[in-house]
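Q: Here it is, the structure, as structure tokens.
Nothing in this text is a laboratory measurement; each read-out follows from the coordinates by a stated rule. Given the structure is predicted, the values throughout are model-derived calculations rather than measurements. Methodologically, a virtual Cβ is constructed for each residue, glycine included, from the backbone with ideal geometry; neighbour enumeration extends over all protein chains shown.
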Amino acid sequence: MAGNSSLLTDERRRQYREEGYFVAPGLLATAEVEAIRREISAIVDRHPDVPPDLIQMEPAVARGEVTPASKELGVRKLFHMAVHNDFFRRLAFHPGMVEIAIGLLGPDVKLFQTMLLMKPPHFGTPKVWHQDNAYFQVRPSDVLGFWVACDETTPANGCMHVVPGSHRQGIQPHDTSRGDLGLIVEPPEKDVVALPMKPGDALVFHGEICHFTPDNTTGRRRRALQYHYASSRCAWKDPERRMIQGADLFECAAGEDSAAMQHNCSVSDHLNASQFMGHDKNRHIKLRLEPQNQLVQFPRGDRVQPG
């Protein structure tokens, strides 16, 4: 999207280009955050009568070492929500997220991944230092994430930490020695920036910036919504691989070349942005949904006006 908008200013473009991230305060309204929280509870209340990939429990809870105060407080993350849940599928078309995604990646973008990172009080585990495209392995690296705080986040309860500019160094060596796929060499503390946020604030970050979240040692919740979008020009680095080694986060169907990623949509429809939290009914974008691999394409030429 050419030029400035209320969400994607020249300064934010510069920061994203040079530092690999920026924070958009209040990208989601209070009512939208509250709706997300309600939907989380509704999904967890249906457990175990949900798809097996939708809910992952905290390891200590799964092992029976910890008994949380409620089932929801034992959940580590929700995954593939846009595949399994209409509310989170509609949320992919939030005008603010779409505006930023197409403004930074170009008019042809796809929804690449959806997660809710729950990090419950007292025993929410850390996420090791990593780069998301070390999991995804797509080229070019035109992938970005939205990390939206659904609670107040601080260093004590597991806010996001980043290394500004690290996205310009390419993918660094990773291994699984700490459990999850993570950086072999962690960044020096002097290079790290902690990003406390309020509910509704959104971190917009490049797919190759180094980032991590510490454990939650407090009695407060720290839920965060994470959506990744990618340019439709992206293709798998190794099209023969069905799964990235060591990754428990990524289950999109691999083995597609860039042409297939652009043209194999099986459902076409229109989604009015007013279907999510009452946005201007005149705003709309074209939907092409691929249910099997959770990719949503906004075809060339469609636009969402600034919110």
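Q: For Thr67, project a label point 7 Å along Cα to C-beta. Then give me every residue of segment 102-139 with its amide nitrogen under 19 Å of that point.
A: The answer is 121-124, whose backbone nitrogens lie closer than 19 Å to the label point.
Q: Rank these for me by crowding, Glu11, Glu99, going from fewest to most other beta carbons within 10 Å.
A: In order of increasing Cβ crowding within 10 Å: Glu11, Glu99.
Q: To the nearest 0.05, how large is the calculated FRET efficiency for Arg38 and Arg233 if R₀ is 35 Å and r is the Cβ-Cβ distance?
A: E between Arg38 and Arg233, to the nearest 0.05, is 0.45.
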